[in-house]
Amino acid sequence: MSVLNNKKLKGVYMPPGDKSISHRVIILGSQAVGKSSVTNLSESEDVLNTVKVMKQLGSNIKKIDGKYIIFGLPPGTLFEPKKELNFGNSGTSIRLITGLLSTNNIKTKLVGDKSLSSRPMKRVTEHLKRIGAVFILKKNNFLPMTIKGSANPIPLNYEISIPSAQIKSAVMLSALNTLGKVTIKEFSSTRDHTERMLKTMNYNILFKEKKEFRYITMNNDKELNSLNYKVAGDPSSAAFMITAASLKIGSKIKVKNMLYNPTRIGFLLTLKKMGANIEIKNKRIVHNEVIADIFVHQKKQLKSVIVEANEVPQQIDEIPILSIAASFAKGETIFKDLKELTVKESNRLDLIYQNLKKMGVDCFIKNYDLHIIGNNNLKAGGAKIIHNFDHRIVMSFYIANMICSKNNIIIDKSCVKTSYPQFFKDFNTLIK
Ligand code: S3P
């Protein structure tokens with residue numbers, strides 16, 4: 001592989017289908033009576049795990065002529081699977097489906113790979129226990145997990161203090177099979193695709209934001225309508241190309257059909273503050289989600305930025321690639337309160353720090369704040385990247401080659417398939 005430090009990004013790019021929405025469309029489509037059809041589904045390994053598990057639970061899902069067809073059944077009618085459910089690497093699949101299982105009167109055993117087995121589950125089960133579901137976990141927090149769903153689920157009021165869309169969505173999915181009104185108070189605004197999709201399905205849901213809180217009310221008195229859904233492009237995948245283009249003066253790319261949901265585009269605001277020349281065009285609303293085309297035409301070097309704690313949930317998955325931008329931006333960047341980053345597919349905060357250091361970047365962590373002292377000079381590079389098979393760490397430090405004198409060494413890049421199987425193909429098409 002040649003060094004990428006004298007390259008730019010140029011051309012038109014269509015990001016793959018959004019992963020968060022793809023999980024939800026498979027799960028919610030399975031809860032709607034009748035036939036749903038989905039185009040542009042993310043075919044990442046994570047989403048394919050959701051498809052596989054929902055099939056084990058009785059959903060009829062087929063891929064016909066590139067479209068996913070789902071024949072759903074009403075909430076509360078999942079089948080008891082013959083075998084354990086294996087979620088591979090996917091935190092979103094397991095946490096969301098745990099919500100669904102908690103109000104289905106069946107017994108299931110849930111397992112995952114090494115990374116998923118070290119991630120906390122109690123953050124979800126502590127809420128779902130209240131409904132009457134029974135959970136058995138290793139050390140009360142980790143996989144393997146056995147669930148006996150509640151036979152008589154009661155509607156409750158919830159307060160969710162950890163900023164996590166997975167926890168919120170698990171509670172929302174559990175509510176689909178309770179009789180009555182469920183309310184949720186969320187302490188910070190996390191991605192709201194479950195809310196928006198339920199509204200698209202004509203479900204009785206209200207959600208609003210007031211000060212820093214989000215309030216959700218679900219009234220379980222209507223069936224879910226089936227869906228005919230086209231999944232928009234994934235901003236978390238596009239973030240790699242958009243950031244790479246912003247790093248190099250002269251880059252010019254057009255990103256078509258990208259999800260532009262306010263809870264997902266924090267990274268665009270951060271890059272703009274850093275001096276990225278980004279324009280948003282053709283904003284439109286499809287299936288209650290905002291979609292847009294993004295133009296990047298980079299004309300100057302980036303400068304540092306401060307990302308406040310309350311801005312982190314809107315760019316939680318983009319911090320690894322933004323840390324690369326910060327390394328090449330003049331001045332001290334601070335990403336505040338990255339505690340949630342320590343419980344992702346890997347301890348991302350630690351891996352970002354260690355790999356940046358190895359690459360020759362001046363950085364440190366203080367109380368979960370990540371400080372990066374950047375400049376517009378090429379870094380030494382040549383670092384053997386520690387990625388612990390975390391897809392976003394691999395993609396970020398591959399792009400870091402654009403700001404290094406020597407290529408970094410990344411052994412086994414296959415884990416990119418977790419979220420973005422065609423990452424290298426798409427990147428190579430744009431690099432000029
Ligand atoms: C996701 C929520 C986020 C995010 C993950 C996808 C989702 O996780 O990091 O990649 O689709 O709900 P948390 O809810 O743990 O923050």
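Here are the numbers for the structure shown:
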{"read-out": "Residues that are farther than 21 Å from GLU186 by Cβ and either free of Cβ contacts under 8 Å to residues at least 24 places away in the same chain or outside any loop (DSSP other than H, G, I, E, B) (or both), drawn from segment 141-165", "value": "ASN141, PHE142, LEU143, PRO144, MET145, THR146, ILE147, LYS148, ASN152"}
{"read-out": "Complete set of residues in segment 181-193 that are away from the ligand (no atom under 16 Å from the Cβ) and touching an Asp or Glu at 6+ places or on another chain (Cβ under 7 Å)", "value": "LYS185"}
{"read-out": "Residue count for segment 245-276, restricted to those that are farther than 15 Å from PHE295 by Cβ, hydrophobic (A, V, I, L, M, F, W, C), in contact with a Leu (Cβ under 8 Å, 6 or more places away or on another chain) and in a helix (DSSP H, G or I)", "value": "2"}
{"read-out": "Condition met for LYS339 (surrounded by fewer than 17 Cβ atoms within 10 Å (Cβ to Cβ), under 27 Å from PRO313 (Cα atoms), in the same structural domain as SER251 (by TED's automatic domain parsing) and touching a strand residue (DSSP E or B) at 6+ places or on another chain (Cβ under 7 Å))", "value": "no"}
{"read-out": "Every residue from segment 311-336 that is farther than 18 Å from GLN166 by Cβ and buried (at least 23 other Cβ atoms within 10 Å of the Cβ)", "value": "PRO320, ILE321, LEU322, SER323, ILE324, ALA325, ALA326, SER327, PHE328, ALA329, THR333, PHE335"}
{"read-out": "Scope segment 1-47; condition open to solvent by less than 10 Å² (accessible area, probe 1.4 Å) and among the polar types (S, T, N, Q); matching residues", "value": "SER22, SER30, GLN31, SER36, SER42, SER44"}
{"read-out": "Tally, over segment 51-90, of residues that are under 23 Å from the mean Cα position of the chain (by Cα) and touching a residue at least 40 places away in the same chain (Cβ under 8 Å)", "value": "7"}
{"read-out": "Selected residue (criterion: nearest to the ligand (Cβ to nearest atom)) from residues of segment 205-222 that are in a loop (DSSP other than H, G, I, E, B) and open to solvent by 50 Å² or more (accessible area, probe 1.4 Å)", "value": "GLU212"}
{"read-out": "Yes/no for THR183 being open to solvent by 10 Å² or more (accessible area, probe 1.4 Å), over 22 Å from the mean Cα position of the chain (by Cα) and among the hydroxyl-bearing types (Ser, Thr, Tyr)", "value": "yes"}
{"read-out": "Hey, GLU345 open to solvent by less than 30 Å² (accessible area, probe 1.4 Å), assigned to a helix (DSSP H, G or I) and of a type in the set (D, E, K, R) or not", "value": "no"}
{"read-out": "Test: residue in segment 58-65 that is within 16 Å of the ligand (Cβ to nearest atom), more than 30 Å from CYS404 (Cα to Cα) and in contact with a strand residue (DSSP E or B) (Cβ under 9 Å, 6 or more places away or on another chain)", "value": "no"}
{"read-out": "Single residue of segment 93-111 satisfying the filter (of a type outside the set (A, V, I, L, M) and open to solvent by less than 20 Å² (accessible area, probe 1.4 Å)) that is nearest to the ligand (Cβ to nearest atom)", "value": "ARG95"}
{"read-out": "So ILE162, is it touching a strand residue (DSSP E or B) at 6+ places or on another chain (Cβ under 8 Å) and within 25 Å of PRO120 (Cβ to Cβ)", "value": "no"}
{"read-out": "Residue that is under 21 Å from the mean Cα position of the chain (by Cα), away from the ligand (no atom under 14 Å from the Cβ), of a type in the set (Gly, Ala, Ser) and open to solvent by less than 30 Å² (accessible area, probe 1.4 Å), where the choices are GLY275, GLY233, GLY250, GLY266", "value": "GLY233"}
{"read-out": "Verdict on LEU259 being in contact with a Gly (Cβ under 7 Å, 6 or more places away or on another chain), within 16 Å of the ligand (Cβ to nearest atom) and among the aliphatic types (A, V, I, L, M)", "value": "yes"}
{"read-out": "Sole exception among (1) within 15 Å of the ligand (Cβ to nearest atom); (2) outside any loop (DSSP other than H, G, I, E, B); (3) open to solvent by less than 10 Å² (accessible area, probe 1.4 Å) for ARG196, by number", "value": "(3)"}
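Residue-by-condition table, conditions (1) on the phi > 0 side of the Ramachandran plot; (2) open to solvent by less than 10 Å² (accessible area, probe 1.4 Å); (3) more than 12 Å from the ligand (Cβ to nearest atom):
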position: ARG123; (1), (2), (3): no, no, no
position: LEU128; (1), (2), (3): no, yes, yes
position: LEU137; (1), (2), (3): no, no, yes
position: ASN140; (1), (2), (3): yes, no, yes
position: PRO144; (1), (2), (3): no, no, yes
position: ILE160; (1), (2), (3): no, yes, no
position: LEU173; (1), (2), (3): no, yes, no
position: LEU179; (1), (2), (3): no, no, yes
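The values are calculated or read from the model by the stated rules, or taken from the named source; none is laboratory data. A quick note: this is a predicted structure, and the numbers were derived from the prediction, not measured. Glycine gets a Cβ as well: all are built from the backbone with ideal geometry, and neighbour counts include every protein chain shown. Side chains included, ligands, DNA and RNA excluded: accessible areas come from the protein's heavy atoms. Shrake-Rupley method; radii C 1.70, N 1.55, O 1.52, S 1.80 Å.
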